[in-house]
Amino acid sequence: MDTPPTPPASIPPTVSDEDETDDTKDLLQHYLNLEPNLETLYTQWSASDPNFRKKAPKFTGVRILRQDAWEALIGFICSSNNNIIRISQMVEKLCTHYGPYIGTLDGRRYHDFPHPSSLTGKNVEAHLRELGFGYRAKYIYQTAKMIAEDHEEGWLENLRNPESPAYGGKASPAGEMKPEGRDGYREAHEQLLSLQGVGPKVADCVCLMGLGWGEAVPVDTHVWQIAQRDYKFGKGKHSSLTKATYDAVANHFRKLWGKEAGWAHSVLFTADLRTFAERLTTKVETSIKEGSPNGKEPLVDRKETVQRVTVKRELEDEDEPQTKVEIEEEVVVVVKVTSGSGRVKRRRRG
């Protein structure tokens, strides 16, 4: 196949010594979304939701990034049936192979995120597959073509929440908040669904993190489990995660938390991930064996029962959903304590 075209070079922006204006701090504050007062938001969400009030105090630093809409869109298309490490690798490959050159630091070349038009070449899809994108290569290529060729410049950015403008923009009212979200949010969500590789969850992720629509609530199987466990979903007509159930869960959270429901939802999502990570439980039984060989060095048998929860992921063209695999294993550790020296010798089998 043909080698993909070399991305055009670009000169990185610089701040001259004579220019005393450096907006780096303002840019970071905007990107990290540091302006909203978290204490006020947490108080508001806690007042309307006992479950949030119970879990949120341990997760007080969660913020929603204000990402570039195009970069967020492609990043979440890459996230399908994927993990954070591979998603990061895919984004880096997109920048390296198709993004404009920014500069070199400590011998390493850096590239910006590619423009949609840079991903519309006839060999892009095949090349992305070679780079390990799997079936996502088709979605990225087709979505880039749709945005670059079927929509006018700035179409994606025009779907943004006017109350949360891009850096340097001026905020304006976004309309009345409704149970299903503001009209602008619903329009943005529907428009995103027209793109390849974009379902309701990806559309909501882009609305929330790329377009500033705080009421967007991405509902995946993990959030669905939270809704079942803590909010009494999962019975009657909402016994499975259908389109109707997806909307019902999101509307319920919007009713609870208001126009920043997506932010509050992310706090609970994070809290549940921490719980998931802590599902490594260890039970220890210790006993001293008498009758050691020399009568001075007792043998200590320690039996550990470890429950590990892992996630199995395919590494190539995975079309199947992730499969949770629970593994319980027993590890026996024999510890030999040597008197006098204080040294401990361990033998493991398991």
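The values are calculated or read from the model by the stated rules, or taken from the named source; none is laboratory data. Just so you know, these numbers come straight off a predicted model, no measurement behind them. Please note: Cβ atoms are built from the backbone with ideal geometry, for glycine as well, and neighbour counts cover all protein chains shown.
Is there a residue being under 18 Å from the mean Cα position of the chain (by Cα), buried (at least 16 other Cβ atoms within 10 Å of the Cβ) and part of a helix (DSSP H, G or I) anywhere in the range 51-70? Taking every residue of the range 51-70 in turn, at least one turns out to be under 18 Å from the mean Cα position of the chain (by Cα), buried (at least 16 other Cβ atoms within 10 Å of the Cβ) and part of a helix (DSSP H, G or I).
For residue 123, are the conditions met, namely being touching a Ser or Thr at 6+ places or on another chain (Cβ under 9 Å) and polar (S, T, N, Q)? For residue 123, the condition - touching a Ser or Thr at 6+ places or on another chain (Cβ under 9 Å) and polar (S, T, N, Q) - is met. Out of all the residues in the range 167-178, is one or more part of a loop (DSSP other than H, G, I, E, B) and surrounded by 15 or more Cβ atoms within 10 Å (Cβ to Cβ)? Taking every residue of the range 167-178 in turn, at least one turns out to be part of a loop (DSSP other than H, G, I, E, B) and surrounded by 15 or more Cβ atoms within 10 Å (Cβ to Cβ). Within the range 91-138, being touching a residue at least 60 places away in the same chain (Cβ under 8 Å), of a type in the set (Phe, Trp, Tyr) and closer than 14 Å to residue 74 by Cα holds for 98, 135. With the checklist (1) assigned to a strand (DSSP E or B); (2) small (Gly, Ala, Ser); (3) within 19 Å of the chain's Cα centre (by Cα) in hand, flag the one item residue 88 doesn't pass. Every condition holds for residue 88 apart from (1).
Taking every residue in the range 145-160 that is assigned by the TED database to the domain that holds residue 192 and pairing it with any residue that is hydroxyl-bearing (Ser, Thr, Tyr), at least 6 positions away or on another chain, the pairs with Cβ-Cβ distances below 8 Å are 145/120; 146/194; 148/117; 148/120; 149/120. Out of curiosity, is residue 198 touching a Phe, Trp or Tyr at 6+ places or on another chain (Cβ under 6 Å), in contact (Cβ under 8 Å) with a residue 24 or more places away in the chain and in the same structural domain as residue 81 (by the TED database)? No: the conditions fail for residue 198. When 229, 274 are checked against the criterion of being among the basic types (Lys, Arg) and either at pLDDT 95 or above or within 30 Å of residue 30 (Cβ to Cβ) (or both), 274 stands alone in meeting it.
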